Amino acid sequence: MPPASDSGDRAALLEHDRRFFDALVAADTARLGELLADDFILVSIEDGSVVPRSALLAAVSSGTVTFPAIESFPEEAVVRRIGDIGIVVGRTSMNFVNSDGTTFTAGSRYTHVFTADSAAGWRLVSAQGTRITFADA
């Protein structure tokens with residue numbers, strides 16, 4: 001099993017990851033709003049663009065981008081906690097559809113950075129994906 005600060009941190013952070021992916025697939029912007037920090041940023045796997053929280057929520061809400069499927073592999077994840085920061089390095093297989101109907105499928109390694117929020121639990125502050133081939137997975 002990959003290292004973690006403790007099994008409780010590992011379980012909590014991987015659960016937050018799962019809820020994030022589930023909310024993307026369900027296009028549940030209310031849930032995404034709860035999971036993401038106010039200053040959340042995403043570095044897009046598709047083109048490396050920096051996407052702020054508001055733009056991600058708007059794209060998901062409007063259907064500009066949809067996520068028909070995201071599969072993650074939590075058993076492979078490396079989870080670390082450093083003070084009030086949690087870091088998950090994991091792997092996904094994902095599909096999404098852009099507003100023009102083009103589809104994008106990728107395997108990725110991702111880094112999610114969380115901060116501990118006393119009121120909301122863990123909140124996702126930053127997400128970055130790097131495209132990989134499945135042979136490299």
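Just so it is clear, none of the values below were taken in a lab; they were calculated from the coordinates. Since this is a predicted model, take the numbers as computed values, not measurements. Glycine also receives a Cβ, built like all others from the backbone with ideal geometry; neighbour counts cover every protein chain displayed.
Quick notes on this one:
- Check on Arg91, among the charged types (D, E, K, R), free of Cβ contacts under 8 Å to residues at least 60 places away in the same chain and surrounded by 12 or more Cβ atoms within 10 Å (Cβ to Cβ): yes
- Whenever a residue of region 101-119 is acidic (Asp, Glu), its partners that are surrounded by 10 or more Cβ atoms within 10 Å (Cβ to Cβ), lying with C-beta atoms within less than 8 angstrom and at least six residues away or across chains, give the pairs Asp117/Ala37; Asp117/Arg123.
- Scanning region 33-58 for residues that are under 20 Å from Arg123 (Cα atoms) and either among the aliphatic types (A, V, I, L, M) or free of Cβ contacts under 8 Å to residues at least 12 places away in the same chain (or both) yields a total of 13.
- Residue check, Arg80 in contact with a helix residue (DSSP H, G or I) (Cβ under 7 Å, 6 or more places away or on another chain), within 23 Å of Gly107 (Cα to Cα) and not hydrophobic (A, V, I, L, M, F, W, C): no
- Those strands (runs of 3 or more DSSP E) of region 27-87 in which at least 2 residues are under 21 Å from Asp9 (Cα atoms), considering only elements entirely within it, cover 36-43, 78-82.
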